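Okay, so here's the structure we're looking at.
The values are calculated or read from the model by the stated rules, or taken from the named source; none is laboratory data. As the structure is a computational prediction, the values presented were derived from the model and not from experiment. Ideal geometry is used to build each Cβ from the backbone, glycine not excepted, and the neighbour counts take in all protein chains shown. Accessible surface is based on the protein model in full, side chains and every heavy atom, while ligands, DNA and RNA are left aside. Shrake-Rupley method; radii C 1.70, N 1.55, O 1.52, S 1.80 Å.
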Amino acid sequence: MATLFIADLHLCPEEPAITAGFLHFLAGPARDADALYILGDLFEAWIGDDDPVPLHAEIARAIRSLVDHGVPCYFIHGNRDFLLGKRFARQSGMTLLPEALVLSLYGRDVLIMHGDTLCTDDAGYQAFRAKVHQPWLQTLFLTLPLFVRKRIAAKMRAGSKAANSTKTLEIMDVNPQAVVAAMEQHQVQWLIHGHTHRPAVHELSANGQPAFRVVLGAWHSEGSMVSVTPDDVKLIHFPF
């Protein structure tokens, strides 16, 4: 009995080893889970559900197979795939979730999110995020021809890479006060998120009690997941 969490796979055609590792995970360990939660950045980029990249259909089929096996799969958007929509969700069988959600798991209340909203010291990113999450702008972008969207996305990724190269790791990490504020807002002692690519279990204080922030790792050279059971919460790394 376990609920599994993963994030930051950044799947793309240029990284077939990560794709193979994820497919192996879905066909193996994930099949014994009570549920699988994907906390954003499943894909490196997403410019619309109509993008005919073969990888997208392959991943949709694999997730659908897991769901058909009896393991529900849930998805929170990341900063890379925030445009993933209802069409892909239907194809894959995933349930789309809001950007922050409290789960009741085996007697624990656990807040889950992608994690980028906690990086409040990165003012430039937060301003960009606020802009691209405007519904009217997203609707407008998705009406553009696919080749135009590809050009815009490539330009935005290049700009993001250039901007991040000048930022310190501290600025791009979560803000401790933002973490506590989120946990106290939702009245929880457990938080699981991704985004920062800094896997760890952090002890802190929230709501006047001991609390824990569990950070998922990115799937660069190995898999990373959090397993929540009635007895424990574990951060686990495993080979592809």
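The figures follow:
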{"item": "Members of the range 209-240 found to be out of contact with any helix residue (DSSP H, G or I) (no Cβ under 9 Å at 6 or more places or on another chain), loosely packed, with under 13 Cβ neighbours inside 10 Å and over 18 Å from Ala35 (Cα atoms), listed by number", "result": "Gln209, Pro210, His237"}
{"item": "Restricting the range 88-126 to residues that are charged (D, E, K, R) and either in contact with a strand residue (DSSP E or B) (Cβ under 9 Å, 6 or more places away or on another chain) or not in a loop (DSSP other than H, G, I, E, B) (or both), the residue that is most open to solvent (accessible area, probe 1.4 Å)", "result": "Arg90"}
{"item": "Of residues in the range 188-240 being among the polar types (S, T, N, Q) and part of a strand (DSSP E or B), the one nearest to Pro176 (Cα to Cα)", "result": "Ser205"}
{"item": "Condition met for Arg149 (open to solvent by less than 50 Å² (accessible area, probe 1.4 Å), at pLDDT 95 or above, of a type in the set (Lys, Arg) and under 30 Å from Pro52 (Cβ atoms))", "result": "yes"}
{"item": "Subset of the range 176-197 [under 12 Å from Gly115 (Cα atoms), surrounded by 17 or more Cβ atoms within 10 Å (Cβ to Cβ) and not polar (S, T, N, Q)]", "result": "Val179, Ala182, Leu191, Ile192, His193, Gly194, His195, His197"}
